[in-house]
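Any read-out appearing in this document is the output of simple, stated calculations on the displayed coordinates, not a laboratory observation. Being a predicted model, the structure only gives us computed values, none of them experimental. Cβ: placed from backbone, ideal geometry, glycine included. Neighbour counts: every protein chain shown.
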Amino acid sequence: PPKMKEDINANGSRSEHGGHGEEVDLAEQSLLNKMIRHSLVRNRNQVEVLQADPTSPLYSVRTFEELRLKPELLKGVYHLGFNRPSRIQENALPMMLAQPPQNLIAQSQSGTGKTAAFSLAMLSHVNTANKWTQCLCIAPTYELALQIGQVIEQMGKFLPDVKLAYAVRGSRMERGVKLQEHIVIGTPGTVLDWCTKYKLIDPKRISLFVLDEADVMIATQGHRDQSIRIHRQLSKECQMLLFSATFEDSVWKFAERVVPDPNIIKLRREEETLDNIKQFYVLCRDKEEKFAALCDLYGSLTVAQAMIFCHTRWMANWLAASLTEEGHQVALLSGEMTVEQRAAVIERFRSGKEKVLVTTNVCSRGIDVEQVTLVVNFDLPTDLEGNADNDTYLHRIGRSGRFGKRGFAINMVENKHGMELIKQIEMHFNRKIHKLDPTNSEEIS
Ligand code: ADP
């Protein structure tokens, strides 16, 4: 089966350019994923564990009880609706809670339970008898820091004595007065100021340091340097935990610098395949003819739910407007929208309020809406040289796992170059793409 480069496929794993200078904002992508996620992503792969000390026994837990948490914390975990630890949590939690403390580098795609794991570790770590900051967590943006804070607040609901502060832009603090909050979450710049300039936190007294979204963090040079400067202030005994959705070499180098003697946990994402996907193409002369063909197919699209991909924002806007003019109800996911707006559009589509979602590739990278059974490539995905972008193609229409639902893909092909691309894609995946007559589309129902 076709394989995909893991690091490209992972949710918003690197910056890239779409048509007309549209660029992925990794932090935004990650935030969007968090906002639309309601549950763990499915992943049946084995967790890979590399221990700092290979001779020490390897612990994993099947239940939260086995962790012997404070009862109030266990209650908070169940309050969030968690019944048992996720794949990655089974191994990560015992390591994170071990005595003496152990360092950890953990990599798994977004939605596998990393944030919940380190939130639990921080809440468990706090000693409320000590009125100073003991746990420090840094995240790439203000919004991501707030998301983490929300998880801690919910999980810590029955631990009212544990206090939390946000070190983010706009938090005004009095210089030199040490914070009493046990946990501080923030962005690197503000955290560094609080440690060094304002002296609100004594970095030597931090005993648990968490660096979340390392891949997103190091994509910004400033954040990378600030993170290293924060890390330098910490004591040698401080426990270090680092998380990342992806692991390119640069992330790895950074992680090893920040986390000495680490245990390493990796969970590879499930490969996507085209095995259960029936693929078609429709040959057209220009975009108007593509539009007409799409209208002919429209009845079949709305039987289930469909996503339509365009190459540029302009095309997505045009197509959504044209479909609306024809009286169709469509949702548009566009790069101009704020993250909140985008999350709302995806929620509406998810709940079935709209059956058709028009979007650009860049905008919807890393978003999976499981009930989508039909994908239309209004424009075929191409790279900067104009060749077929096979990875993006697979990512748009592929399903993970052998038992993924059946799906259909329809490629709108313009002219000879378009047919070239179809041939390239067929060759690459060794799967036939069938010709479809849009006025006779029984094949896709
Ligand atoms: P990540 O940080 O890897 O993106 P999260 O910790 O945000 O993952 O978890 C993803 C989703 O799964 C969240 O909605 C979270 O509430 C939920 N979740 C996390 N751990 C569990 C668990 N053990 N059982 C059920 N749901 C969980």
Given unit charges at Cβ for Lys, Arg (+) and Asp, Glu (-), the dipole magnitude of the chain about its Cα centre in debye, nearest 20, is 1540
Dipole axis of the chain (+1 Lys, Arg; -1 Asp, Glu on Cβ), positive-most option in Val184, Phe309, Gly170: Val184
Of Gln109, Val61, Leu146, which is farthest along the charge dipole of segment 61-183 in the positive direction, counting Lys and Arg as +1 and Asp and Glu as -1 at C-beta? Leu146
Please check the chain for the longest run free of GluC sites (Glu not before Pro) that are loop-located per DSSP (anything but H, G, I, E, B) and have at most 10 other Cβ atoms within 10 Å. 1-173
Roughly how many debye, to the nearest 20, is the charge dipole of segment 165-280 about its Cα centre, given +1 on each Lys and Arg Cβ, -1 on each Asp and Glu Cβ, and no other charges? 720
Selection from Gln89, Gln134, Ala320, by position along the positive dipole direction of the chain (Cβ): Gln134
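Take the cross-link list Lys34/Lys266; Lys75/Lys204; Lys114/Lys253; Lys75/Lys178 and give me the ones stretching past 27 Å between alpha-carbons.
Lys75/Lys204; Lys75/Lys178
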For segment 266-409, one quarter of the surface area of the C-alpha convex hull, expressed in nm², comes to 9.7
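In segment 154-232, what is the volume of the convex hull around the alpha carbon atoms, normalised per residue and reported in Å³? Can you show the working numbers first?
Values: hull volume 8.8 nm³, N = 79.
Cα convex hull per residue, to the nearest whole number: 112 Å³.
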List the lysines whose Cα sits under 28 Å from the Cα of Lys287, skipping any in the same chain fewer than 8 residues away. Lys278, Lys353, Lys355, Lys416, Lys423, Lys432, Lys435
Counting all Cα-Cα pairs in the chain, those more than 41 Å apart amount in percent to 24
Gly407's amide H: which non-local residues (gap 5+, or another chain) put their own amide H closer than 5 Å, with H modeled 1.01 Å from N in plane and none for Pro or chain starts? Ile277, Lys278
Quick one: order Asp379, Asp261, Asp25 by neighbouring beta-carbon count within 10 Å, fewest to most. Asp261, Asp25, Asp379
From Cα coordinates alone, what are the radius of gyration and Dmax values for segment 90-142 in angstrom? 12.3, 36
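What does the C-alpha gyration tensor say about the overall shape of segment 224-305? Classify as rounded when a/c is under 1.5, otherwise prolate if a/b is larger than b/c, or oblate.
Prolate.
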What list of ³J(HN,Hα) couplings, whole Hz, do you get for segment 89-96 from phi and the Karplus terms 6.51, -1.76, 1.60, once you set θ to phi - 60° and write x for glycine and proline? 5, 3, 8, 5, 4, x, 5, 5
